[in-house]
Each structure stands twice: as C-alpha cells, then as structure tokens.
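**Q** The structure's right below; bear with me while I get my questions together.
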Amino acid sequence: MAQEMPKVQVKNLTKKFGDLLVLDNISFDVPKGEFLCIVGPTGCGKTTFLNSLTKLYKPTAGEILLDGEPVDLKKHNVAYIFQEYSTMPWLTVEENVGFGLDIKGVEKTKAKALVDEYLDIVGLTKYRHYYPDQLSASMLQRVAFATQPDLLLMDEPYGQLDIQLRYHLEDELIALWQRTGTTVIFITHNIEEAVYMGQRIMVLTNKPTSIKCSIDNDLPRPRDIASPDFVELRNKVTDLIKWW
C-alpha cells in the first residue's frame, strides 16, 4: 500500500537576514491531520519559521510544499492565528468563513452551502451575522476552524491569557482538531502546553536554528498534567530546550 503524501514538506529551509543565519537547513514532514507543537529557546526563530510558511518571509534557500506543491496562498487555504487572532473585524462571521472560498472563485451557491456546513460543524450557525468584536475568544478560535483550512498555523495564541481561559481554549482546540481533522502547527514557549496538546513535539536549537529532536507524544487523552508520565515527558522536553 502506497504511503500517503505528507501534508507539509519542509526541505532544507534556510533563512538569513543579512549575515545573520536564523534557520539553518531545516527539513521535516507533517502528516495530514497531525497536531505538531514546536518549542525551543526564546528568540530561536520559531516565528521566523511560521512567517516563511506563510510567505511573509522569502526563504534564503530550500522550499516548503503543501500537498506536494509550493505553498501558494492564492490556492491553498492557510489560516494563521496570532495572539490577537486573525479574523477581519469589518466582516461578519459568515463573511470571514466565506472569504477564502471567494478568493478561490467557488460558485456562490456552492460557497453558501459550504459556509452553512462549516458553521454547523463548529457550532457558530446562530452567530453567523456577528462581528468579531462581539465574540468571545472561544468563538474566535472556532471561526478559524470554520474556514476549513488546509493548514492551521498558531503562533503562541494563548500567551497573554489567564490560566483558566487558556486551559478552556486548549481543550476546545483539541476537540475542534479531533472533529475536523485539520493539520495544525502550533508554536509555543510553554512546555506544559506542548505536552498537553501535541501529537508530536519538535524541539528547536538556539540560533542558528536547526531541529534538535522530534518526540512522538502518545499520552492518552484527556491528558492529566499531574500524572507521572506527563511530568516525565515535560521534564524531558525542558532538559532538551536548555542551552546554558
């Protein structure tokens, strides 16, 4: 049986800013539907990597493929959630969800049916005419999944939230990912968060950044942050990140 093509293929990705080498020949694959968490020392280039994926930065060398083709934001639906979320505040929930379909030229009747389906999947049907500033953080997160992205990139989205809200959003994110099968690359500086959420944890080195190791995380869900296995994995990742 032929092996399924990876959803994302990063091949020899290198990024320099002048003489400063930030990303040093990084290569890895992300299978379709995987929840990958990326951690590393502060300032190691995690966000530079995500910005290369979204074409905000042009790689100095190497390539990034999505479904076997160079990433093309006019063709691929790549959603990017920052700490401030990434909805367009002048569009309603329904219009935000349909925006990518418009860009791709999907016929209007079909697009409306898809938007209806996506909103139903994430439980936002009755909020379709709301604007982003009328929504909770939990609902804004669901809007990102409702766009049915080929790839969802998340750059420390919970970094400034209080602990109780962060736990709530983490649990909802896992439920949405399990329901939709979306491929997620999640950047975080919070090691406990990476162990709690990720199917796999990729540890980056300090600059110039390369991959130190990749750890499969098969802890059962829902995960207990106080269990000995959880604590052991968290300590292992912590030790791998230390560079002093």
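The values are calculated or read from the model by the stated rules, or taken from the named source; none is laboratory data. Treat the numbers as computed from the prediction; the structure is a model and nothing was measured. Here the Cβ positions follow ideal geometry from the backbone for every residue, glycine too, while neighbour counts run over all protein chains shown. Just so you know, the surface numbers come from the protein's heavy atoms only, side chains and all, with ligands and any DNA or RNA stripped out. Shrake-Rupley method; radii C 1.70, N 1.55, O 1.52, S 1.80 Å.
**Q** Can you pull out the residues in region 39-61 that are open to solvent by 20 Å² or more (accessible area, probe 1.4 Å) and basic (K, R)?
**A** K55, K58
**Q** Anything in region 220-244 that is among the aromatic types (F, W, Y) and surrounded by 15 or more Cβ atoms within 10 Å (Cβ to Cβ)? List them, or say none.
**A** Matches in region 220-244: F230 only.
**Q** Please tell me if L36 is within 30 Å of C213 (Cβ to Cβ), in a helix (DSSP H, G or I), out of contact with any Cys (no Cβ under 6 Å at 6 or more places or on another chain) and open to solvent by less than 20 Å² (accessible area, probe 1.4 Å).
**A** no
One line per residue, one yes/no per condition, for (1) in contact with a His (Cβ under 7 Å, 6 or more places away or on another chain); (2) in a loop (DSSP other than H, G, I, E, B); (3) at pLDDT below 95:
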site: Q164; (1), (2), (3): no, no, yes
site: Y167; (1), (2), (3): no, no, yes
site: I174; (1), (2), (3): no, no, yes
site: W177; (1), (2), (3): no, no, yes
site: K207; (1), (2), (3): no, yes, yes
site: K212; (1), (2), (3): no, no, yes
site: L219; (1), (2), (3): no, yes, no
site: L233; (1), (2), (3): no, no, no
site: D239; (1), (2), (3): no, no, yes
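**Q** For region 127-172, enumerate the residues that are farther than 30 Å from P6 by Cβ and among the small types (G, A, S).
**A** Residues satisfying the conditions are S136, A137, S138.
**Q** Shifting gears a bit: What do you reckon, is L152 hydrophobic (A, V, I, L, M, F, W, C), touching a strand residue (DSSP E or B) at 6+ places or on another chain (Cβ under 9 Å), surrounded by 15 or more Cβ atoms within 10 Å (Cβ to Cβ) and closer than 19 Å to N190 by Cβ?
**A** Against the criterion (hydrophobic (A, V, I, L, M, F, W, C), touching a strand residue (DSSP E or B) at 6+ places or on another chain (Cβ under 9 Å), surrounded by 15 or more Cβ atoms within 10 Å (Cβ to Cβ) and closer than 19 Å to N190 by Cβ), L152 qualifies.
**Q** Please work out if F28 is among the aromatic types (F, W, Y) and part of a strand (DSSP E or B).
**A** Judged against the criteria, F28 is a match.
**Q** Then there's this: For region 45-66, does any single residue satisfy the condition of being at pLDDT 85 or above, within 27 Å of D239 (Cβ to Cβ) and assigned to a loop (DSSP other than H, G, I, E, B)?
**A** The answer is no; no qualifying residue exists.
**Q** With (1) open to solvent by less than 50 Å² (accessible area, probe 1.4 Å); (2) closer than 28 Å to G40 by Cβ; (3) in a loop (DSSP other than H, G, I, E, B) as the list, and Q160 as the residue in question, which single condition is left unmet?
**A** All conditions pass for Q160, except number (1).
**Q** Please enumerate the residues belonging to region 87-121 that are open to solvent by 60 Å² or more (accessible area, probe 1.4 Å) and touching a helix residue (DSSP H, G or I) at 6+ places or on another chain (Cβ under 6 Å).
**A** Scanning region 87-121 gives a single hit, P89.
**Q** Right, another one. Across region 122-148, what is the total count of residues that are open to solvent by 10 Å² or more (accessible area, probe 1.4 Å) and in a loop (DSSP other than H, G, I, E, B)?
**A** The total comes to 9.
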